[in-house]
Each structure stands twice: as structure tokens, then as C-alpha cells.
Amino acid sequence: PGGAGAVLIKAEPPAPAPPPKTSAAAMLAHPPSSAAMAAAMPAAAALSAGLVEEGSERLSHKEVEQRRREKAKQYFDELRALLPCGADSKFDKNTILQNTIAMIKQLQAELDNHRELREAKMGGKRGVAQATSTDYRSSFEVTRQPLCFCGLDGCVWESNSALCSLLGYTKQEMAGLSLLNSTAACDCDASSQHWQRLISSGMCHSDFYCHLVRKDQQQLMVNIDLNLIHKRNQPYCFLVATNPTS
């Protein structure tokens, strides 16, 4: 140093030492500080809460669906218990709804009839568009559909002209005639089962095919449409519609 012609050499700074490699053993030997762990806790808690909340939502959805089905079953059981078939019947939901609709229509008809009788008793005036029992009886008589009212034993209470003409009897001869006894021997047992099943099951409607025997012993293939009428929630009689197949 200091002399003429001396060369100055700039010393380079030492290179920084590489960071030490972190191994699992080193992490175990030197665990993170309490401050670092405390800083990481909120993120871990939020992640855990999100997973739990997602699982709870799925569980809640299943619970809601299960409760909905249980409530629907409860309503159908209550509806089944109100029908004449009783709570012990094994009807499916569609049959329960079908019988309920039939029962509601029948109750509405009985209510209308009761209201009509009450108005007649009180001297009330009926409107022009309202029909009386006389109007219904006239319609029953003039319709081309063969119809009759039968007791639960199958004996005819009242028949219209179309049924009398179909079977070849007069009205007087039809009164008290058993439709079951007028059924051909080959179909008698099956027809009787349909009648009895309708009474015991509490259902309101059934239809089947059979052969009816006319007064002149000719056999007719017909479709019998049975409609069970209830009175005071008990089987009362049948409205029978007879539909010839030819």
C-alpha cells in the first residue's frame, strides 16, 4: 500500500450462507413457536367449522325429507281411519284417495238432499236451477243407461225402464229379483265374490264382466258397474249400472 504503481484490489463480500435444510427431525427437535401456532389456529378452526357445517346441512336435508315422509304417512293413516274400510285396511295411497273422493261426493249429495228436505219443510222456495228428488227420479227413469238400486243381498229395490227392457221383465217382476240369481251359473261364484268383497273392503266401486240370464233364458254378456252407497258411514245399498258388450 501507498507506493507508486501499486494496484488496488477490491475485496468481494462473502457469499450468504444457504438456509439450513428443514427436515422432519429438525422440526421435531425445534417445534414452531407458540406465536406461530396461535396465528395458524383461526385458519384451522375456520376449515374445521366449514366441514362440520357442510356435514350438518346434509344431515338436516335428510332429516327434513324423513319428517316430510312421516307426516305424509300420518295424514294418509288418518284419512284411512275415516273411511268405512277402517284403519286396518291395506289400501295403497291411490285407492285411499279414490275412495275419499267417492265418499266426499256421496256426502255432498246427502247434504244437498238434507238441505232440500229442510227447505221444503220450512216452506222455503227453491231456485229454478235446483233439482228435487222428483227430478232425479225422472232422470233415473228416462235415461238409456240400464240402472237399478239393489240391497246388499243383490235383490232389486228399483229399476228403470232400460234395465227392464234389457232383461225382458216388467217393473213389477224386477222388484225383488236377485241379480245374483239372474247371473249365469258359470259366472255366479265370481260375481258373488265381487259383491261381497266390495262390502267387506269398504271400497266404493268395482266393475266386472259376467253373463246375465234374461227372462227368455237368453244370456247377455255385460259389464256390471257396482257402486256401493253408504248411509251414516255404513254400507247401505248398491247402484248398479249394466252395460251390454254387444
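Sequence-distant or interchain residues sharing an amide H contact under 5 Å with GLU158, placed H: which?
PHE149
Using alpha carbons only, how many angstrom separate the centre of region 189-213 from the centre of region 129-183?
18 Å
Which aspartates and glutamates, if any, have their Cα less than 18 Å from the Cα of LYS93, not counting same-chain residues under 8 positions apart?
Cross-link targets: GLU70, ASP77, GLU78.
Would you mind listing how long region 161-246 runs along its three principal axes, going by Cα atoms, in whole Å with the largest first?
Principal-axis extents of the Cα atoms in region 161-246, largest first: 39, 27, 20 Å.
Would you work out the charge dipole size for region 128-246 about its Cα centre, treating the Cβ of every Lys and Arg as +1 and the Cβ of every Asp and Glu as -1, and quote it to the nearest 20 debye?
Roughly 200 debye, rounded to the nearest 20.
Looking at the P(r) of region 95-246, how many percent of alpha-carbon pairs lie beyond 22 Å?
So the portion of pairs separated by more than 22 Å is 46 percent.
Hey, what do the phi angles of region 60-67 turn into as Karplus ³J(HN,Hα) couplings, whole Hz, using 6.51/-1.76/1.60 and θ = phi - 60°, x for Gly and Pro?
5, 4, 5, 5, 5, 5, 5, 5
No lab work stands behind these numbers, since they all come straight from the coordinates. Source: prediction; values computed, not measured. Note that each Cβ is placed from the backbone with ideal geometry, even for glycine, and that neighbours are counted across all protein chains shown.
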